[in-house]
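These notes are about the structure you will find just below.
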Amino acid sequence: MSMPTNEQIKNSLWNAFANNGLTLFPKAQKEDLLVAIQIGLSRIRETSKFYAWDSSCANKDHKCKRGCIIREGDIYFKYITGIGWGQYLKICAGCMAMILYYMKAYELPDPKL
Ligand SMILES: [Zn+2]
């Protein structure tokens with residue numbers, strides 16, 4: 001897969017949250033949408049120190065911080081909030097796409113290697 005353009009990343013982020021699951025639109029779990037989210041996250045990390053969000057595959061159903069259901073097998077995003085077991089802030093792919101869209105991650109440069 002070739003690197004998506006900024007315009008394609010913008011469209012993918014939009015589709016991943018605004019049209020997530022709607023008829024005729026792919027779900028946020030579709031590969032090219034997840035790729036756009038990962039690219040957006042890497043750019044945000046580089047420029048604004050948007051902390052250490054990691055992606056993870058759900059081994060059971062979880063609940064997103066914003067109330068969405070994260071299904072077993074879905075890719076979601078987590079951020080460690082404490083030292084105890086399970087102290088994570090969990091965000092589903094659609095909500096992460098929304099955050100990245102409104103932070104305009106698609107306009108940011110790629111991280112330097
Ligand atoms: Zn969510």
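The values are calculated or read from the model by the stated rules, or taken from the named source; none is laboratory data. Note that this is a predicted model, so its numbers are computed, not measured. Note that we place each Cβ from the backbone using ideal geometry, even for glycine, and neighbour counts take in every protein chain shown.
Numerical summary
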item: Test: A28 is surrounded by 14 or more Cβ atoms within 10 Å (Cβ to Cβ), touching a Leu at 6+ places or on another chain (Cβ under 9 Å), of a type in the set (G, A, S) and farther than 14 Å from Q8 by Cα; result: yes
item: Qualifying positions in segment 19-62 - without any contact (Cβ under 8 Å) to a residue 60 or more places away in the chain, more than 15 Å from the chain's Cα centre (by Cα) and away from the ligand (no atom under 16 Å from the Cβ); result: T23, L24, F25, S48, K49, N59, K60
item: Count of segment 90-113 residues which are in contact with a Ser or Thr (Cβ under 7 Å, 6 or more places away or on another chain) and either loosely packed, with under 13 Cβ neighbours inside 10 Å or at pLDDT 95 or above (or both); result: 1
item: Residues of segment 63-98 satisfying the condition of being more than 10 Å from the ligand (Cβ to nearest atom) and either closer than 25 Å to N6 by Cβ or touching a residue at least 12 places away in the same chain (Cβ under 8 Å) (or both); result: R71, E72, G73, D74, I75, K78, Y79, I80, L89
item: Residues of segment 63-88 classified as assigned to a strand (DSSP E or B) and either out of contact with any strand residue (DSSP E or B) (no Cβ under 8 Å at 6 or more places or on another chain) or farther than 27 Å from N11 by Cβ (or both), total; result: 3
